[in-house]
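Since the structure comes first, as structure tokens, the remarks are kept for the end.
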Ligand SMILES: [Zn+2]
């Protein structure tokens, strides 16, 4: 395994190679870049935006930040990643700024952390979202509506013709979708039997914070603040550390899929 060989561009080469060859295993060009993959952690809400509020007054923004910091520590410990965060304290960061931060950091992977508040208190467990124009179900649509408060437009590409920029953007989007789908599967596998999950935990919806076409991204609803068991779990530092370890394992799995630009098998 050689995660140091990974780069976002090479992920795109890999994905496009699969698309072009029908998974015949054609090797993409060898890369010369050797840098750590950049993981961007996005603790949802903050500042004047508390996010969901549990019946006893606990704020979603507090839990997302605490979990984000635990995840950063867990990822640092692997020495395999360069880790960035969209916020490290209780401040408001607009959704479009979070996307812009990921683009500026050339993030290879973006994970937004949130907690649900669902109409039925007996519903509990994590759910994992990827971007889609059409929500996978009514619940996914209403969660996305709750989490969105601003659209996010991508900056136009500089230095290439509009035609070439359009082709590149379309190819990059395909690679990004493949990456996002791969990561959501890795999260589900890593959580299985360890972290409670909603039935059918992998869903899709139109989340503003997932709209960067160049960065594979997931939005993780870590649990439901409206469920007493989930709330107790998310308030417990040991349980948050467990969650951080399982996310780290999923991130390790995600980057292990790619060895020198090819699927590890
Ligand atoms: Zn949220």
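The values are calculated or read from the model by the stated rules, or taken from the named source; none is laboratory data. All values reported here derive from a predicted model rather than from experimental measurement. So basically every Cβ, Gly included, is an ideal-geometry build from the backbone, and we count neighbours across all protein chains shown.
Tell me whether segment 75-95 contains one or more residues that are closer than 18 Å to residue 116 by Cα, in contact with a helix residue (DSSP H, G or I) (Cβ under 6 Å, 6 or more places away or on another chain) and touching a residue at least 24 places away in the same chain (Cβ under 8 Å). Steps first, please.
At the first step, the residues of segment 75-95 found to be closer than 18 Å to residue 116 by Cα are 95.
Right, trim to in contact with a helix residue (DSSP H, G or I) (Cβ under 6 Å, 6 or more places away or on another chain) and you get 95.
Add one more test, that the residue is touching a residue at least 24 places away in the same chain (Cβ under 8 Å), and what stays is 95.
Yes, the conditions are met somewhere in segment 75-95.
Just to be sure I understand, how many residues within segment 221-238 are touching a strand residue (DSSP E or B) at 6+ places or on another chain (Cβ under 9 Å) and in a helix (DSSP H, G or I)?
Number of matching residues: 5.
Yes or no: segment 242-252 includes at least one residue that is over 17 Å from the mean Cα position of the chain (by Cα), closer than 28 Å to residue 53 by Cα and part of a loop (DSSP other than H, G, I, E, B).
Taking every residue of segment 242-252 in turn, none turns out to be over 17 Å from the mean Cα position of the chain (by Cα), closer than 28 Å to residue 53 by Cα and part of a loop (DSSP other than H, G, I, E, B).
Would it be correct to say that residue 179 is within 22 Å of residue 222 (Cα to Cα) and either surrounded by fewer than 14 Cβ atoms within 10 Å (Cβ to Cβ) or at pLDDT 85 or above (or both)?
So residue 179 passes the test.
When you scan segment 151-160, do you find a residue that is surrounded by 14 or more Cβ atoms within 10 Å (Cβ to Cβ) and modelled with pLDDT of 70 or more, even just one? Walk me through how you get there before you give the answer.
Of segment 151-160, the ones surrounded by 14 or more Cβ atoms within 10 Å (Cβ to Cβ) are 152, 154, 157.
This time we only want the ones that are modelled with pLDDT of 70 or more, so: none.
There is no residue in segment 151-160 that is surrounded by 14 or more Cβ atoms within 10 Å (Cβ to Cβ) and modelled with pLDDT of 70 or more.
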